[in-house]
Amino acid sequence: MSFPGDDSKTTGENRLAASDADRSAFGGRVDFFVIQDYKENRRKCTVQPLADLEGLELLRLGIPIVGEELVGVPAGILLEVDAPVLVAEDALHLSGGGRLVLLDATWVRLAPLVRRLCFEGSAGIQRRSLPGDFRTAYPRHSKLFEDPAGGLASVEAMFASTVILGAPREELLQHYRWAGEFLELNREVLSGYGWDGARGEVHG
């Protein structure tokens, strides 16, 4: 799935306005809870190779059954379209075991996936989007549907989120075929969030 961000450009000036104290408020690791649609192609999925990564739980839903129970969404931060933009201070919402939640599905399958989820038990869940100035390196070949212009592949969105939150997890890109292209395309954006590895390489 792709994760579009806010269409408004976040300036480097605004990014750097966050104090060092804000960036270091969350000193731990950003953990993830990924809910995957049953029709998601495992072979093309950018998250699937990370299924055994520490701090990542991947839940693949089965074929829908009439009367099935809704799937509970854990507390933390949910990445979704048209939500407020994710900022460094949002790391505070992950303290105490909160996780960053992603929905892994094609755009046409996203609405059916959301209908299978229950948010009532996730008290205090925050909904956030990614800034619109990130660019995807994932090739798009669909002749039927077009992703939003600013959309990111799931693994790109996950890595970008960790950089924004001040706890980058380079290992998220270790199996991503287009990691080098992604880092090159977003070198300036990543540097604007204080990531000093934006000019480096990711080795699998």
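No lab work stands behind these numbers, since they all come straight from the coordinates. Only a predicted model underlies this, so the values are computations on that prediction, with no experimental measurement involved. Every residue, glycine as well, gets a Cβ built from its backbone with ideal geometry; the counts of neighbours run over all protein chains shown.
Which FRET efficiency value, to the nearest 0.05, do you get for LEU185 and ARG127 by plugging their Cβ-Cβ distance into 1/(1 + (r/R0)^6) with R0 = 30 Å? So, using R0 = 30 Å, E works out to roughly 0.70. Applied to the stretch 124-135, the Karplus parametrisation 6.51 cos²θ - 1.76 cosθ + 1.60 on θ = phi - 60° returns per-residue 3J(HN,Hα) values of x, 5, 9, 9, 9, 10, 8, x, x, 8, 6, 10 Hz, with x for Gly and Pro. Arranged from fewest to most other beta-carbon atoms within 10 Å of their beta carbon, PHE159, PHE119, PHE182 become PHE119, PHE182, PHE159.
Subtracting the Cα-Cα distance of GLU171 and LYS39 from their residue separation scaled by 0.36 nm leaves 44.9 nm.
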